[in-house]
């Protein structure tokens, strides 16, 4: 188990998440950007650039690609890559999949805890530094706990803890 303080303060990322961002970076840098540079050059050859929709569109695409490349580079260079399969998941850890029972509604909810850049609440992936993610870390199967956010109290029982398996 990482120390809880370390998990909460670092930009952690799973190896799968890291490789996904590297793959996107390489595609943008080696395929998409050269394509749009060429499109911009072709459009520029048609003359007046101020009214040239193709030129303006290609220029905008290049701006968006460059912005995304800078963002991806920041993630790639500043994140600590964690091989989640090598961590202990007998307690909730970074890279754990956690099944909870909401004790008020009797609904079962399953979350995976990954890094900030991998978080996707609609896919039930929460960040290790989110309020619920922080509250879950280092807890065990069978444990009951309260979670308070925005003055609302939630009560859960931890039903299962396992390794997150990417889809």
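The values are calculated or read from the model by the stated rules, or taken from the named source; none is laboratory data. These figures come from a predicted structure and were not determined experimentally. For neighbour counting, all protein chains shown are included, and Cβ atoms are generated from backbone atoms with ideal geometry for every residue, glycine included.
Quick notes on this one:
- The lone criterion from (1) touching a strand residue (DSSP E or B) at 6+ places or on another chain (Cβ under 8 Å); (2) in a helix (DSSP H, G or I); (3) surrounded by fewer than 16 Cβ atoms within 10 Å (Cβ to Cβ) left unmet by residue 34 is number (1).
- Residue match in the stretch 3-10 (condition: surrounded by 13 or more Cβ atoms within 10 Å (Cβ to Cβ), modelled with pLDDT under 95, assigned to a helix (DSSP H, G or I) and under 18 Å from the mean Cα position of the chain (by Cα)): yes
- When 93, 150 are screened for being outside the structural domain of residue 73 (by TED's automatic domain parsing) and either within 24 Å of residue 72 (Cβ to Cβ) or at pLDDT 95 or above (or both), only 93 passes.
Conditions tested, residue by residue: (1) buried (at least 16 other Cβ atoms within 10 Å of the Cβ); (2) in contact (Cβ under 8 Å) with a residue 24 or more places away in the chain.
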position: 21; (1), (2): yes, yes
position: 59; (1), (2): yes, no
position: 62; (1), (2): yes, yes
position: 102; (1), (2): no, yes
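- Whether a residue is exposed (fewer than 13 other Cβ atoms within 10 Å of the Cβ), assigned by TED's automatic domain parsing to the domain that holds residue 18 and not in a strand (DSSP E or B) was assessed, and residue 106 does not pass this test.
- Residue within the stretch 135-146 that is assigned to a helix (DSSP H, G or I) and either in contact with a helix residue (DSSP H, G or I) (Cβ under 9 Å, 6 or more places away or on another chain) or farther than 30 Å from residue 41 by Cβ (or both) present: yes
- The residues of the stretch 67-84 that are touching a residue at least 24 places away in the same chain (Cβ under 8 Å), in a helix (DSSP H, G or I) and surrounded by fewer than 13 Cβ atoms within 10 Å (Cβ to Cβ) amount to a single one, 78.
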